[in-house]
Amino acid sequence: ALTAGIVGLPNVGKSTLFNAITKAGAEMANYPFATIDPNVGMVEVPDKRLARIDEIIPAKKIVHTTFEFTDIAGIVKGASKGEGLGNKFLENIRQCDAIVHVVRAFDDDNITHVSGKVDPIDDINTINLELVLADLESINKRYTRVEKVAKTGRDKDAQAEFAVLQKIKPVLEEGKPVRSIEFNDDEKKIVKGLFLLTSKPVLYVANIGEEDMADPDGNKYMPEIKKFLAENDPGSEVIGVAAGTEEEIAEMDDDEKKEFLEMEGVEEPGLNRLIRASYKLLGLETFFTAGGKETRAWTFRHGMKAPQVAGIIHSDFERGFIRAETVSFDDLDKYGSMQAVKEAGKMRLEGKDYVVQDGDIIEFRFNV
Ligand code: GDP
């Protein structure tokens, strides 16, 4: 499964956010969480479309798709030099597919900040510097060796890699992440093989106070964070989440939750926004199955074709794939019944080259 690793300086609210995630995940009806690693938090991906599909095509149960967060505790200044178990942290980050970077954006005199004052930009810079330094070290190790081979002119792959390294090195030396560089598809493949920390997509989470819950972007630090990221880490995103309050919400029963959210003037927990933003960050999309005993959401990667997607449900579906009978959620929602969708000619018979779209409701036909 794909996973987003939660990083951040000590005392910014990482554990609080992770606890909120685990508590929310423990509510899940269909997940055997006894098997989960304590550093991994599984959550359901909230999706209102499931309830609507189930209303039109009723089934016994609704099954959400899930998403995983990993708690990567304790990165500190000097991690790239192997200080404070630094290597272990960097290694844990390397295993993740995306990074959720928590910074402190709440004021509370009772909670000390490691650098003495609340300064989210400084939080971002401190951690990113460690990641940039770690990447520079791995690049430098390769640079001279690959340069030597490339200069012989006899190795196309080495030449291509050297060109990429030449593109990356000065950006890292400027303190900027590799994800801020634009690469073409061939270069992207090479970059992927370098396993760099700063090439991973990042979602910044500003841990805001409860008072900013109804309007996270109204948090006083938010404008400067956005400005900083636009200039220094384009392509990344920031959302405001009140970690402390989210942990409390995750412990409430449905009625309490509803009442509390109404009182706060928000439609849904901030955790839902976090889950959806992380999902999107990884290029993940959702398709549905319906009409059997359950109405179910499944995760696939943007750009996957029908047989591959069928294989997510069962490998037999991929092996014996014949076609995908597909209806888009918007059509089902609009016409109100499968019958009406068919009569309007909106049921599509898609073959093996069909690129599955977010919101597709699919019935796979296959040979056994
Ligand atoms: P970590 O070291 O980054 O994992 O930080 P913790 O999650 O342990 O949080 C550090 C301290 O800040 C704890 O005392 C939390 O209760 C507190 N804290 C976390 N989030 C919030 C918040 O949103 N508001 C306030 N006021 N305190 C918070």
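The values are calculated or read from the model by the stated rules, or taken from the named source; none is laboratory data. Please read these numbers as outputs of a predicted model, since none were measured by experiment. Neighbour counts run over all protein chains shown; Cβ positions are idealised from the backbone, glycine included.
Within region 278-332, which residues are among the basic types (Lys, Arg) and farther than 11 Å from residue 363 by Cα? Within region 278-332, 280, 293, 296, 301, 305, 319 qualify. Residue-level check: of (1) surrounded by 14 or more Cβ atoms within 10 Å (Cβ to Cβ); (2) without any contact (Cβ under 8 Å) to a residue 60 or more places away in the chain; (3) touching a strand residue (DSSP E or B) at 6+ places or on another chain (Cβ under 7 Å), residue 355 misses just (1). Say whether the condition of being away from the ligand (no atom under 16 Å from the Cβ) and in contact (Cβ under 8 Å) with a residue 40 or more places away in the chain is met by at least one residue in region 182-195. So far as region 182-195 goes, yes, one or more of its residues are away from the ligand (no atom under 16 Å from the Cβ) and in contact (Cβ under 8 Å) with a residue 40 or more places away in the chain. Kindly check whether there is at least one residue in region 34-42 that is polar (S, T, N, Q) and either at pLDDT 95 or above or surrounded by 15 or more Cβ atoms within 10 Å (Cβ to Cβ) (or both). Checked against the condition, which is being polar (S, T, N, Q) and either at pLDDT 95 or above or surrounded by 15 or more Cβ atoms within 10 Å (Cβ to Cβ) (or both), region 34-42 yields at least one hit. Figure legend. Inter-residue proximity from region 6-26: first residues within 6 Å of the ligand (Cβ to nearest atom), second residues part of a helix (DSSP H, G or I) and modelled with pLDDT of 90 or more, beta-carbon distance below 6 Å, spacing 6+ or different chains. Indicated pairs: 8/14; 13/243; 16/243; 16/244; 16/247.
Is it the case that residue 69 is within 16 Å of the ligand (Cβ to nearest atom), modelled with pLDDT of 80 or more and assigned to a strand (DSSP E or B)? So residue 69 fits the description; yes. Counting only residues that are β-branched (Val, Ile, Thr) and more than 21 Å from the chain's Cα centre (by Cα), region 210-248 holds 1 of them. Return the residue satisfying two criteria in turn: it lies in region 72-93 and is part of a helix (DSSP H, G or I) and touching a strand residue (DSSP E or B) at 6+ places or on another chain (Cβ under 9 Å), and of such residues it is modelled with the highest pLDDT. Per the criteria, the residue is 93. Taken across region 15-29, residues that are assigned by TED's automatic domain parsing to the domain that holds residue 246, modelled with pLDDT of 90 or more and within 30 Å of residue 139 (Cβ to Cβ) do not occur at all.
Just so you know, in region 100-137 the residues that are of a type in the set (Asp, Glu), within 16 Å of the ligand (Cβ to nearest atom) and touching a residue at least 24 places away in the same chain (Cβ under 8 Å) include one that is surrounded by the fewest Cβ atoms within 10 Å (Cβ to Cβ), and it is 108.
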